[in-house]
Amino acid sequence: MTPGEPFLLGVNYWPRRKAMGWWAAFDPIEVREEFAVIRSLGLRCVRFFLLWESFQPSPDRVSTTALDHLRAVCDTAADLGLVVQPTFFTGHMSGPNWAPGWLVDASRVPDAAGRQVVGLDRPGGYPHPVVDVYETPLVVEAEDRLIEAVCGAIRDHPALWGWSLGNEPDLFCRPRDAATGRRWVRDRVAAIRAADPAHPVLVGLHTASLEADVGFRVDDVAAETDVSVMHGYSIYSSIARAPLDPDYVPFTAALTAALAGRPVLYEEFGVNTGSPDGPSRWEEHPGWDGRKLRIHFASEDDAAAYYAAVLPRLVDAGALGAFAWCFADYEPGLWDRPPCDHQPHERFFGLVRPDGTIKPSAIALRDFAAGDPVIREPARTVSLHGGPDAYYRDPAATMRDLYATWVRSGASTSA
């Protein structure tokens, strides 16, 4: 993935009728229909998630049924000219943390500021958080067992593009320090490479790793993986100038590249709309813990304009590619279950509506893809005086200052 090669366009995938329950209620016809829509939009890569409870119902057993379904998904992707990026240890997803029961630690007192822990058969949530997934021997052994089984099932599949170790893993369980996080990444990457030395390995970091040391420093993870990744949403950012600030995502791509020392795949960005469609607006809704959530809902046209503005800026920032979050809005039958029940914006992040019709955002993405974008040398960069160590002494303040300069100058920035 070097300048002049195709800019990798993809999408994050959960089915609109099933969401996180798709592996438990697998339907190959549904997958083929939805992957065909993805291909029709000019997208090439599908990032999907190996829901931990569906693939590893007990620490010593990987589901052979789930592995069969995984092979079927890869077959469908190959038939349609798509490539795939399976994501292990999911884990955190769309607000709640999804965990097999064997990962829940009944001896731990819930953290009042922690995330809801749910399962497919426990939509109301577990009363306790998960165990430490980075240093608990039973869990680490289980992780490597899952890696070996999944890699063994599809490592030679023509649809396989690469492997991800997790989705924003610090939100599922935070390592006790950055050294622990780096060691876990190093050891799990080694387990993947032992089973499959041919495909790249990455980790789905998000802007929390730019705002603070959350146990997964960008430079540490870059040293242990093949591709550097960032996820970012202006709708959630305290430094974005507006909910649909088109410069925030490209800036975080450039900042990540400066910390990693290499270009970045922007693996998640997007915006939720409202239903029915209407003007962009703020609303308040109760969260799972009773606290009020202030949520921005974009109009469909404003969301499309956001996609159209962000994508070329990512090319200018030297990014390797961009993946939309996410494929589909979820059907109303899922709205009373996690993640849709307490976070209504999660219902409407899709490129397609609950009825399967495409939104203006999908058209904006399709139009961008039709221009055959390629990877470019960055027109804008971020320079870090003192390197990553200096940055991580006060990352939140440094990030804020760098962004203010980025917006003012419209040129390369340094701090």
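The values are calculated or read from the model by the stated rules, or taken from the named source; none is laboratory data. If you're wondering where the values come from, they're calculated on a predicted model, not measured in any experiment. Note that each Cβ is placed from the backbone with ideal geometry, even for glycine, and that neighbours are counted across all protein chains shown. For the accessible areas, the whole protein counts, side chains as well, though only heavy atoms, and no ligand, DNA or RNA atoms are used. Shrake-Rupley method; radii C 1.70, N 1.55, O 1.52, S 1.80 Å.
In terms of the mean number of neighbouring beta-carbon atoms within 10 Å, the peptides 336-348, 158-170 order highest first as 158-170, 336-348. Relative to one another, the C-alpha centroids of the range 84-127 and the range 142-201 are positioned 19 Å apart.
Alpha-carbon geometry of the range 354-397: the Rg and the Dmax are 19.1, 51 Å, given in that order. Once the 1.4 Å probe is applied to the protein heavy atoms, the chain comes out at 37 Å² accessible per residue.
Taking the DSSP bridge list for the chain and keeping only pairs wholly inside it, about 30 percent are antiparallel.
The protection proxy used here, the mean number of other Cβ atoms lying within 10 Å of each residue, ranks peptides 94-100, 25-31 as follows, highest first: 94-100, 25-31. Which values of log₁₀ I(q)/I(0), to two decimal places, follow from the Debye formula for the range 6-120 at q = 0.10, 0.23 Å⁻¹ with a uniform point scatterer at every Cα? Log10 I(q)/I(0), no solvent term: -0.34, -1.33. Using equal-weight Cα scatterers in the Debye expression, the normalised intensity of the range 85-222 in log10 at q = 0.13 Å⁻¹ is -0.57.
Expressed as a whole percent, the accessible area of the chain that falls on carbon and sulfur atoms is 51 (1.4 Å probe). Pairwise Cα distances in the range 303-415 exceed 21 Å in 56 percent of cases.
The mean sequence distance of close C-alpha pairs (under 8 Å, at least 6 residues apart), as a share of the length of the chain, puts its relative contact order at 18 percent. Only beta bridges with both residues in the range 1-114 are counted; by DSSP, about 20 percent of them are antiparallel.
Taking every alpha-carbon pair in the chain and binning the separations at 10 Å intervals from zero gives 5, 23, 35, 29, 9, 0 percent. Only helices enter this figure: runs of n ≥ 4 DSSP H residues, each worth -39500 (n - 2.57), summed and divided by the residues of the chain, yield -10500 deg cm²/dmol at 222 nm to the nearest 500.
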